[in-house]
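Undergrad: Sharing a structure here in structure tokens format.
The values are calculated or read from the model by the stated rules, or taken from the named source; none is laboratory data. This structure is a prediction, so every number in the text was calculated from the model and none was measured. All Cβ positions, glycine included, derive from the backbone under ideal geometry; neighbour counts span all protein chains shown. Calculation scope for accessible area: heavy atoms of the full protein, side chains included, ligands and nucleic acids excluded. Shrake-Rupley method; radii C 1.70, N 1.55, O 1.52, S 1.80 Å.
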Amino acid sequence: MAAQDQALQTKYYATKMLNTETDSECILCQNFDETIDHIISACPILAREQRIKRHNRMCAQLHFNICKETAVQFDKKHWYEHVPKSVEINQGGKVTTLWNQQVHTDRTIPNNKPDIIIRDNEKGTCMLIDVAISGDRNVIKKKPRRF
Ligand SMILES: [Zn+2]
């Protein structure tokens, strides 16, 4: 409850609420206020590994559901057992699902390795999916983009 109410003893809380400290910066990264949100999901030092792990598990679940919807056959029954393969082709070869594959383009595009690419082999179209799992404060920075 205290964490949910932002009432745990953080440097931000001590500075802004209790007035017992003068510096509210995170002791590890020293770039942002040390809030509960920052400690749990935003600190570039503290949350780096967990953030990547959470992102990859979310993408694996999404990949599992896409494969299931497009009739890809695999042996795992549950998403949490699913380990995505680089290329999955559904029964009949109409849909190809790519995992973490670089996109070759005629111009330089930074970060051109979307998490999932769904290719409709009949129409010759692709849907690129890049997942961002951000904290509430950073949602506005991660708006969907069109290329
Ligand atoms: Zn930090």
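Undergrad: Out of all the residues in the range 33-47, which are within 10 Å of the ligand (Cβ to nearest atom) and either loosely packed, with under 14 Cβ neighbours inside 10 Å or hydroxyl-bearing (Ser, Thr, Tyr) (or both)?
TA: Passing the criteria: Thr35, Pro44, Ile45.
Undergrad: Moving on. Quick one: is Phe64 more than 16 Å from Ser134 (Cβ to Cβ), more than 16 Å from the ligand (Cβ to nearest atom), without any contact (Cβ under 8 Å) to a residue 40 or more places away in the chain and crowded, with 16+ Cβ neighbours inside 10 Å?
TA: Working: more than 16 Å from Ser134 (Cβ to Cβ): yes; more than 16 Å from the ligand (Cβ to nearest atom): yes; without any contact (Cβ under 8 Å) to a residue 40 or more places away in the chain: yes; crowded, with 16+ Cβ neighbours inside 10 Å: yes.
In short, yes.
Undergrad: Can you pull out every residue in the range 1-32 that is within 15 Å of the ligand (Cβ to nearest atom), open to solvent by 70 Å² or more (accessible area, probe 1.4 Å) and not in a loop (DSSP other than H, G, I, E, B)?
TA: Tyr12, Glu25, listed by residue number.
Undergrad: Let me ask you something else. Looking at the range 73-89, can you tell me whether even one residue there is in a loop (DSSP other than H, G, I, E, B) and either within 21 Å of Ala132 (Cβ to Cβ) or within 12 Å of the ligand (Cβ to nearest atom) (or both)?
TA: Yes, the conditions are met somewhere in the range 73-89.
Undergrad: Go through the residues of the range 57-68 one by one and say whether even a single one is at pLDDT 90 or above and under 24 Å from Ala3 (Cβ atoms).
TA: Scanning the range 57-68 turns up at least one residue that is at pLDDT 90 or above and under 24 Å from Ala3 (Cβ atoms).
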